[in-house]
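**Student:** Below: one structure in structure tokens.
Throughout, read-outs are computed from the coordinates displayed, never taken from laboratory work. Predicted, not measured: the structure shown is a model, and the values here were computed from it. We place every Cβ from the backbone using ideal geometry, glycine too, and count neighbours over all the protein chains shown.
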Amino acid sequence: MRKLKLQMNFSGIDWDNDMVDFCIDNLKNVDSILLGRNTAEGFIPYWAEVAKNPDPHDIHSRLGKPLTDIPKIVFSNTLGGNQWNNTIIVRGDIAEEIKNLKENKGSDIIVYGGNSFVSSLVEHKLIDEYYLLVNPLAISSDDPILKFINASLQLTLKECKPFPCGTVLLYYIASPVANAERMKREH
């Protein structure tokens, strides 16, 4: 079964080349990028432009091509049509649709998202791996996603990696017990 990986950058982070390397490495076993409509409207055109016109002085330029080349799946019940290349629009019940995506053959799926979309995924316990990039001095408990990341969400910390710029990667996986319980409920 494919894994759904969340990579989320919290406000206040600084970027350096090590973080860009991590982001590129985190895409190596990914064949789909999952986005909500709000994020897609900025994400897809921005990275397409970065890929088309890379700036050698911008450390983000190396991300443009991989983020543009990997097919996108955008969840929206309001978009009238598909305005992007290499993208499909999915409507309907998010939990059911993602369950179906994870059961299809293929590599892992990564989700980049806005707070409401990701909060919905967390609430339905659909995410298998959490890659949270935070600046511990800037994080706020007011972020909507954080209301679901609490003691009731059973996560196991797999790695904590500081970057020279001060940002920290917190890598969690959903605990095996939580996964087993989720599978029982689904079948």
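**Student:** Which lysines have a Cα lying under 16 Å from the Cα of residue 28, excluding residues fewer than 8 positions away in the same chain?
**Tutor:** Result set, ordered by chain and number: 3, 5, 65, 72.
**Student:** Would you order 47, 84 from fewest to most other beta-carbon atoms within 10 Å of each residue's own beta-carbon?
**Tutor:** By the 10 Å Cβ count, ascending: 84, 47.
**Student:** Scan around residue 87 for amide H atoms under 5 Å from its own, H built in the peptide plane at 1.01 Å from N, and keep only partners 5 or more places away or cross-chain.
**Tutor:** Long-range HN contacts for residue 87: 72.
**Student:** Hey, can you rank 57-63, 19-25 by average C-beta count inside 10 Å, highest first?
**Tutor:** 19-25, 57-63
**Student:** Hey, fewest Cβ within 10 Å first, where do 175, 120 land in order?
**Tutor:** 175, 120
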